[in-house]
Structures are given as structure tokens and as C-alpha cells.
Amino acid sequence: MRTVGVGSGAAAPSVWGLAGIERRAWRIGLPTRRLFLILALVTAVAVAAGGLASAWVVGRNAGTIDAARDQGLGVARAATEFRTNLVAADAQAATTLLAGGLETPAARRAYDESIVDAGQWLTRAALMAPDDDAEDIEALADGLVTYAGLVETARANARQGYPVSAAYLGQARALARDDLVPRAERLRRSGEQRLARAANSIAGPSGLAAVGTLAVGLVALSGSAAVVAGRTRRLTHPWLLVGAFAGVAAFGLVTAGVWSQGRELRRAATDDIDAYVAANDAAFTLSSLRVTEISAVAARGSGQALYRDFDTSAEALAADLRGGDQGALADAVERYSAGVDQVEEAEAGGDTGRAAEIVLTGESAQAFAEADADARAAVSRARRTLGERLDAASGAEVPALVPVALGLVAAGAATAGVLARARRYR
């Protein structure tokens, strides 16, 4: 083997900047063989550690996305659907006062389906939610049972012609309005906050940690390659090139995956969840309008203020829908409002029977059914978009084995390249 002194030799001719690299490499006050052995060890540790650390972060991000899907989006969606179905059931239950406890089969079926759906969504929330939400979910479950019991009691009394049925139904509606709906809203916000925290975590500290550890390994590998090139007067070495390619590949894949996951989660936590909540708010408001309409008719000539409330809320809802590019649903709401105008006109003319008929089976009932179907379709579309967004975030996930494998390849190749050059020196 040949021997090269620590400070030997004049600077080599410049070959693609090699002269400058060589001068800097010879400023390190260590014999070449010892220096290369140290570089091999440092490079192997830095690159392998970067691959392992980024793999841990990638695996942690996968768990964060799963938790965001269940404890975040899942809870928010379940709470929102519970609220929407509860108010839809309340709208159907309100017909009890007009039908004397003998609703049409379609109305009774719609009420039963809404109550069952509310219970099923609450069950989903209970299966996915963390312990922090247990109190609200338990209160909602107890409240739903109490609500359904009050409605059935109101029906039974209405069939007997007892006026106390109005009091029982009023208790049920007050329970839904003052306790169950606010609790469901609080549960929804908790889920949304978890989804937002997951997006911030992946796009923030966790993502930076994954990319940063790989960057440190690349810096170590690049520094070693530069020193080896300067001491050996060869700009490239095959094994070091292999290590560099593997390191860059790991860095690129992890960076792209983290960026894509953060982007999709941010969209889910902002635009998509907002659109989903807005769609549910529209369905919620529509059902509330139905309750207001029926309450106005049930007031038997004293519901003028309720009719004004209906008009104000219906106009605001239609305006919001048009502003949100949902013109078809806004048209359906306006048709429903026109049907309620017929109810008010019939009642103002003293024909309360005709008014009740329009509400239960006539133009008002048909227009509400059409608007309600459109609102539920909008909710389904928004829910599907949210699910696709979470699927996209999961699809951008880089398997933890990839940075581990590429990191080990980079570390092994770089170490082999440095040691191969070290063996030429004593």
C-alpha cells in the first residue's frame, strides 16, 4: 500500500472544483486512513439513524391518521348525523298534535327511521370516541331514550284526546332543543379539533422530524464523499454514488408523503369539514322549519309570530344556500316556503282543517319531503368527499419499511465506499 502524508502535495489542478475540495480535505489534521475510518462510522450511524428515525415518524403518522379518521372525523360525523336525525324525528313527532296521535304510516315510518338512525350514529360515536367524550355520549344516549318516551306518551294521550299531550311533546322538544342538540354540537367540535390537531402534527413537528433526520444523514454522507474526493483526488466513487442515490430516494419519498398527507388532512380539517357541517346545518335548519310550521298550525290561530319566524329563517336559509352554490336546494326551500304560505292563508281564512291537511299530506308536506331529500343528498355528497380525503391521506402514506431499507442501503453503500478507499492507506 502507498502512504500519503497528512499535509502532502500541492493542490491538484482544478477538475470541476476538485482543487478546492482537496484543499479543504487536507486541512483536517488526521491521517487519511484514520480519517476515513471515522467518516465510515459517522456516515453509517447518521444515515442509518436517519432512516430508522424517519420510519418511526412515518409509522407514527399512520397511527395519527387512523386516529384522525376515527376519533376526529368519525366522532364529528356521528355527532352531526345524530343531531340532524334527532331534529328530523322532532319534525315528524310534531305532527302528533295535528293528527291526534294517528299520523300517516309514512310519517310514523319517517319518525321511527330518524330515531333509529340517531341511535345508530350515537353507537358509532361511542365505539370510536376517546374517554374524554364518554360523558357526553352517555348523556345523549339517556336523553334519546327519554325523548322517545315523551313522544310516545304524547301520542298515547293525543289518541285519547287529552290536551296534556301537548305538554309531553313540549317537554320532548325542549329536551332536544336545550340539551341534546347542544351536547351533540360540543361532541362534533371535539372531533373537529382532533382532526385539526392531526393535520397540524403531520404537517408540523412530526413531518419536520421525519424529513430532518434524513437530511442530517444526507449531509453526513455528502460531507464524507467530499472529504474522500479531496483526499483521493477522485470526484466520484461508485459505492458512495449508490449510497447518495438511496439517501436521496428516501428523502424524496418521505418528504413527498409527509407533504401530501399534511395537505389532504388540512383540506379535510378546513374546507371539507366546513362543507359537511354546512350541509348538515342546512338539513338541520330545514327540519327546524318544519317544526316551526307545525307549531304555528297547532297554535290554532295564535301562530302569527311563528309564521314570521318561519319566513325569516326560510329566507336566510335560501340565501345561504345560493351563496354556497346550492341553487337547486335553495329552490326546493323556496317551494316549501310557498307551500307554508298556503297553510297560513288557509288558517287565516278560518279553515284550520284545510291548513292541517296541507301540512300533513298536501303541498307543504310534499315540498318539505322534496327539500329534505335534496338536503340529505347534499349531506351524503359532503360525507363522501370527506371520506375520500382521508383515503387520499392514507394513500400517501410511505410504508415504514421503505425509509428503513433505503437508509440501510445508503449507510451500507457509503460505508463500503469509504472503507474501500481507507484500505489503500496505512
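The values are calculated or read from the model by the stated rules, or taken from the named source; none is laboratory data. Just so we're clear, the structure is a prediction, and the values are computed from it rather than from any experiment. Glycine gets a Cβ as well: all are built from the backbone with ideal geometry, and neighbour counts include every protein chain shown. Each accessible area value is taken on the protein alone, full model and side chains, heavy atoms only, with ligands, DNA and RNA left out. Shrake-Rupley method; radii C 1.70, N 1.55, O 1.52, S 1.80 Å.
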Can you tell which of Gly63, Gly59 is without any contact (Cβ under 8 Å) to a residue 12 or more places away in the chain, open to solvent by less than 50 Å² (accessible area, probe 1.4 Å) and either at positive phi or in a helix (DSSP H, G or I) (or both)?
Gly63
Residues of segment 275-322 that turn out to be open to solvent by 30 Å² or more (accessible area, probe 1.4 Å), of a type in the set (A, V, I, L, M) and over 20 Å from Val359 (Cα atoms), as a count
4
Output the number of residues of segment 155-179 satisfying the condition of being open to solvent by less than 20 Å² (accessible area, probe 1.4 Å) and at pLDDT below 85.
4
Between residues in segment 248-274 that are over 14 Å from Gly51 (Cβ atoms) and open to solvent by 10 Å² or more (accessible area, probe 1.4 Å) and residues that are part of a helix (DSSP H, G or I) and hydroxyl-bearing (Ser, Thr, Tyr), which pairs lie under 6 Å by C-beta distance while being six or more apart or on different chains?
Asp272/Thr385
For residues that are assigned to a helix (DSSP H, G or I), touching a residue at least 12 places away in the same chain (Cβ under 8 Å) and of a type in the set (Gly, Ala, Ser), scanning just segment 127-154, find the one that is surrounded by the most Cβ atoms within 10 Å (Cβ to Cβ).
Ala154
Condition first: farther than 20 Å from Ala91 by Cα and either in a helix (DSSP H, G or I) or free of Cβ contacts under 8 Å to residues at least 12 places away in the same chain (or both). Can you find one or more residues in segment 283-298 that meet it?
no
Consider segment 272-304. How many of its residues are in contact with a helix residue (DSSP H, G or I) (Cβ under 9 Å, 6 or more places away or on another chain) and within 30 Å of Arg381 (Cα to Cα)?
22
Of the numbered conditions (1) closer than 30 Å to Val254 by Cα; (2) in contact (Cβ under 8 Å) with a residue 12 or more places away in the chain, Pro205 fails exactly one; give the number of that condition.
(2)
Checking the conditions here, which among Ala346, Ala365, Ala338 is free of Cβ contacts under 8 Å to residues at least 60 places away in the same chain, open to solvent by 40 Å² or more (accessible area, probe 1.4 Å) and under 29 Å from Ala305 (Cβ atoms)?
Ala338
Got a sec? Which helices (runs of 4 or more DSSP H) wholly within segment 306-419 have at least 1 residues that are under 27 Å from the mean Cα position of the chain (by Cα)?
327-348, 363-395
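Every residue, every condition in (1) at pLDDT 85 or above; (2) of a type outside the set (A, V, I, L, M, F, W, C), yes or no:
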residue: Val277; (1), (2): no, no
residue: Ala298; (1), (2): no, no
residue: Leu317; (1), (2): yes, no
residue: Gly327; (1), (2): yes, yes
Is at least one residue of segment 1-16 at pLDDT 50 or above, surrounded by 13 or more Cβ atoms within 10 Å (Cβ to Cβ) and either over 21 Å from Gly417 (Cα atoms) or in contact with a Gly (Cβ under 7 Å, 6 or more places away or on another chain) (or both)?
no
